[in-house]
Structures are given as structure tokens and as C-alpha cells.
Amino acid sequence: TWSNVPAGPPDPILGVTEAFKADKDPRKINLGVGAYRDENGKPYILPSVKKAEEIVQSSKPDKEYLPITGLPEFTKNSALLAYGAESDVIKQGTVAITQSISGTGALRIGGAFLARHYPHSKAIYLPAPTWGNHIPLFGDSGLEVRKYRYFNKETVGLDFEGLKADLKAAPEQSIVLLHACAHNPTGIDPTPEQWAEISDIVKEKKLFPFFDMAYQGFASGSTAKDAFAVRHFVSQGHQIALAQSFAKNMGLYGERVGAFSLTTADPAEKARVDSQLKIIIRPMYSNPPLHGARIANAILNNADLYTQWESEVKGMADRIISMREKLYTTLQKDLNTPGEWGHIKSQIGMFSFTGLTSPQTKALAEKAHVYMTADGRISMAGLNGNNIEYFAQSVDAAVRG
Ligand code: LMR
């Protein structure tokens with residue numbers, strides 16, 4: 001029956017983890033998937049998450065189905081975290097929102113909703129480069145994927161002129177995907193002034209902004225600062241779509257906790273949109289899992305735990321920044337590795353877009369047992385005091401060829 005099914009390629013990101021697991025060398029390092037590791041290279045369960053789990057457990061929770069759009073307290077708090085208590089859309093109750101199977105699930109619900117209900121266009125413009133999964137995800141949702149310029153290879157920075165030109169050239173009312181903060185894979189974000197300009201272009205061209213916010217708190221260490229772009233757009237009167245993930249900022253990866261929301265014109269429109277979100281989700285997976293949403297809600301709902309969580313997010317962000325400093329110094333100053341490595345320090349969030357070429361990343365895996373995605377992206381969180389010297393030496397050797 002399946003003789004015509006061709007073998008597919010491994011996933012560009014999760015396939016790296018498979019290759020890493022199969023490698024038996026004790027020096028091996030996995031800098032592929034964006035998953036935080038502590039200074040000993042171990043997965044990290046946030047202490048606030050442990051406390052939240054105790055709170056959930058002590059309430060002797062049942063295992064009943066959640067509603068189709070998830071735990072209502074959780075989605076309410078998730079919207080508050082993203083939009084801010086002062087936002088008009090929160091005050092007026094016009095955010096249509098659903099729990100989702102983490103960020104990917106949120107994007108997929110959004111893609112399906114737009115493909116079915118957005119009346120003006122099927123075209124979605126993604127930054128080049130973008131998170132690899134965005135491309136099949138939106139294509140499979142029924143949208144037509146296009147690109148806008150984002151990364152300037154020469155400056156290893158934002159191609160702001162290219163970005164503006166491409167958004168201005170896009171047909172009116174196209175959809176545009178924006179990474180809210182800690183752009184994946186480049187680690188390069190627009191400045192607040194640049195965001196304001198992007199917002200003006202989006203308004204002028206009547207584009208529909210869809211924000212992917214997978215790293216709120218990871219870019220600056222502050223969840224409010226990292227929500228700047230989302231809040232600015234909303235304050236400028238844009239209606240937006242928003243995908244949120246709690247995988248990275250709460251370390252809830254495998255619990256699959258996220259939310260998808262749309263800001264709407266008024267409570268009646270919100271109610272209609274909410275009803276259609278249910279109609280999209282019910283045949284997809286019926287209703288979302290319980291446990292992670294309860295944990296996230298226990299944190300978001302408790303002022304003390306919330307404060308503790310924010311400081312733990314900052315702790316993760318700060319450890320990554322210290323690894324950036326150390327890697328930069330080792331490559332640029334200690335080893336004198338050919339090239340300019342300042343971008344390692346200036347990029348933000350979980351990733352660094354190193355500039356290593358695909359053959360160099362291949363050589364690093366084969367010769368040094370160091371794994372990263374083929375585009376030269378490294379997850380900074382995979383580096384620690386024990387492996388960073390070995391990593392820098394391996395990069396140095398790969399660059400010198
Ligand atoms: C990543 O880019 O590594 C993360 O977003 C995890 C994933 O699912 O790809």
C-alpha cells in the first residue's frame with residue numbers, strides 16, 4: 001500500500017537532536033533545538049514551575065475535558081501577559097483567544113482561521129530567514145507563503161531598507177508574519193523606532209499583522225519590554241493575530257502550552273470569532289491538554305509566583321548573555337579566529353546566527369561532534385562553562401578549514 005511513499009528528509013531542527021542522540025562521543029554538544037539548558041548542560045525546571053505544580057496538585061484536580069478553547073483562567077491571564085492590563089483591547093474585552101498546543105499549535109490555528117475567514121488575501125509574507133517550520137506550517141494551513149527581506153549578510157544585521165521596500169511592494173491587505181521579539185533564527189530585532197516605522201507601513205498598506213511571540217521575556221529579561229511590538233501595534237489601532245508559547249519562558253516545552261488570539265472590533269465580533277475558533281479546533285484535536293495550562297495559570301494568577309517567575313526568566317536570559325560574552329572573547333580575542341564575531345554579543349534571545357556555512361556545520365558535526373542547524377544557527381543555551389572552550393576551538397578549526 002505504501003510502496004509509493006518516498007522517504008522524507010529529517011526535520012531541519014528536530015533532526016539535529018536525532019543525530020546528536022545517535023552520537024556516542026562524550027565531547028558531543030547539541031546546539032540545535034532551542035531548549036534551555038542550565039550551567040551543567042541539563043534541562044531546567046524552573047523553581048516557580050515546581051511550586052506551581054505543588055499548588056495544582058494540592059487542589060486535587062480532576063481529569064475532565066477542558067472546553068474546546070481551553071482553561072478560561074489561563075487564556076485570560078495569557079492575554080493579560082501579552083497585551084498588558086492597560087491595553088484597550090483588554091479593558092474592552094475584545095480579545096478572542098484560545099489555548100493552543102504551544103506556539104506551533106497557535107500558529108496553525110491562526111493559519112487555518114485566516115485561510116478560512118480572512119476575506120482579503122491568502123498571501124502571508126514571512127521574514128527571510130524565519131523559523132523553518134513557519135514555511136510548511138502556513139503552507140499546510142492553506143495560505144500562500146511569500147518572503148520579505150530581513151537579514152543583511154554583509155552587516156550581519158537587520159536589512160531594514162529591504163524589509164520596508166518588500167512590505168511596501170506587497171499587495172494591499174496581505175498578511176505579514178512578524179516575530180514579536182528574539183527573532184528566530186537571527187537573534188536580530190527591530191529597534192522600537194523601527195517597529196514604529198513598520199507599524200506605519202503596515203497601516204498604510206492595510207497589511208494584516210500576525211505576531212509570533214515564542215520568547216516573551218527571553219530577549220530582554222522583561223516580559224513587558226519584550227511585548228513592546230505587540231502592544232505598540234495594538235495601541236496604533238491595528239487588529240492583530242498573536243501566537244504565544246510558554247515553552248521557552250516557563251520551560252514547559254513538552255507540556256505544550258500556548259495561546260492564539262485575535263483582537264476584534266467589539267464584543268459581538270469577538271463572540272463570533274470565538275465561535276469560529278471552536279469550529280476550527282474541534283475537528284483538529286477536540287480540546288487541549290490540562291496540566292501545562294494549569295501550571296502556567298498558577299504562575300500567572302499568583303503575584304508572588306509571577307515575580308519569582310519573571311526573575312527566573314531573567315536568570316536564563318542573563319546566563320545566555322554571559323555565554324555570548326565568553327564566546328565572543330574566546331573567538332575574537334583568545335583564538336583570533338578569522339572573521340568578525342561581534343554579532344554574537346549583539347544578537348539577542350536564545351539563538352545566535354553565527355555566519356558558519358552549511359559545509360562548516362557539517363564538518364563540526366562529523367569531526368568535533370558539535371551539532372547545530374545547517375544555517376549556522378546555534379542555541380546559545382546549549383553552551384556552558386564546561387563546553388564553551390571546546391566549542392570555540394572546534395569553530396576555530398572549522399573556520400580555518
Ligand atoms: C527551535 O527553533 O529550535 C524551537 O522553536 C523548537 C522547535 O520546535 O523547532
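The values are calculated or read from the model by the stated rules, or taken from the named source; none is laboratory data. Keep in mind the model is a prediction, meaning the values are calculated, not measured. Here Cβ is always computed from backbone atoms with ideal geometry, including for glycine, and neighbour counts include all displayed protein chains. To get the accessible areas, we keep the full protein, side chains included, count just its heavy atoms, and leave off ligands, DNA and RNA. Shrake-Rupley method; radii C 1.70, N 1.55, O 1.52, S 1.80 Å.
Applying the condition of being farther than 27 Å from Ala247 by Cα and part of a helix (DSSP H, G or I) to the stretch 344-360 and asking which residue is nearest to the ligand (Cβ to nearest atom) yields Ser358.
Quick grid of which residues meet (1) more than 11 Å from Thr98 (Cβ to Cβ); (2) over 24 Å from the mean Cα position of the chain (by Cα):
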residue: Gly258; (1), (2): no, no
residue: Ala265; (1), (2): yes, yes
residue: Ser286; (1), (2): yes, yes
residue: Tyr306; (1), (2): yes, no
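Picking from residues in the stretch 1-43 that are β-branched (Val, Ile, Thr) and surrounded by 14 or more Cβ atoms within 10 Å (Cβ to Cβ), the one that is farthest from the ligand (Cβ to nearest atom) is Ile29.
If you check Thr98, Thr69 for being closer than 30 Å to Gly315 by Cα, more than 16 Å from the ligand (Cβ to nearest atom) and touching a Ser or Thr at 6+ places or on another chain (Cβ under 7 Å), only one passes: Thr98. Answer yes or no: is there a residue in the stretch 137-146 that is closer than 20 Å to Val202 by Cα, basic (Lys, Arg) and assigned to a strand (DSSP E or B). For the stretch 137-146, residues closer than 20 Å to Val202 by Cα, basic (Lys, Arg) and assigned to a strand (DSSP E or B): present. Looking across the stretch 361-380 at every residue that is under 21 Å from Lys24 (Cα atoms) and part of a helix (DSSP H, G or I), the one that is farthest from the ligand (Cβ to nearest atom) is identified as Lys367. Check the stretch 260-282 and report whether any residue there is in contact (Cβ under 8 Å) with a residue 40 or more places away in the chain and on the phi > 0 side of the Ramachandran plot. Checking the stretch 260-282: not a single residue is in contact (Cβ under 8 Å) with a residue 40 or more places away in the chain and on the phi > 0 side of the Ramachandran plot.
Residue-by-condition table, conditions (1) of a type in the set (A, V, I, L, M, F, W, C); (2) surrounded by fewer than 24 Cβ atoms within 10 Å (Cβ to Cβ):
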{"position": "Gly93", "(1), (2)": "no, yes"}
{"position": "Ile97", "(1), (2)": "yes, no"}
{"position": "Ala106", "(1), (2)": "yes, no"}
{"position": "Gly110", "(1), (2)": "no, no"}
{"position": "Pro119", "(1), (2)": "no, yes"}
{"position": "Ile135", "(1), (2)": "yes, yes"}
{"position": "Asp140", "(1), (2)": "no, yes"}
{"position": "Arg149", "(1), (2)": "no, yes"}
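Sub-8 Å Cβ pairs linking a first residue in the stretch 16-28 that is touching a residue at least 12 places away in the same chain (Cβ under 8 Å) to a second residue that is outside any loop (DSSP other than H, G, I, E, B) and of a type in the set (S, T, N, Q), at least 6 apart or interchain, are Val16/Asn30; Thr17/Asn30; Phe20/Asn30, ordered by first then second residue.
Taking the condition at pLDDT 95 or above, within 16 Å of the ligand (Cβ to nearest atom) and not in a strand (DSSP E or B), does Thr329 pass? Let's see the steps before the verdict.
On the way: at pLDDT 95 or above: yes; within 16 Å of the ligand (Cβ to nearest atom): no; not in a strand (DSSP E or B): yes.
No; evaluated as a whole, the condition is false for this residue.
For the stretch 153-165, what are the residues that are assigned to a helix (DSSP H, G or I) and crowded, with 20+ Cβ neighbours inside 10 Å? Hit for the stretch 153-165 is Leu163, nothing else. Exactly one residue out of Glu269, Glu193, Glu204, Glu255 is open to solvent by 50 Å² or more (accessible area, probe 1.4 Å) and over 24 Å from Phe151 (Cα atoms): that is Glu255.
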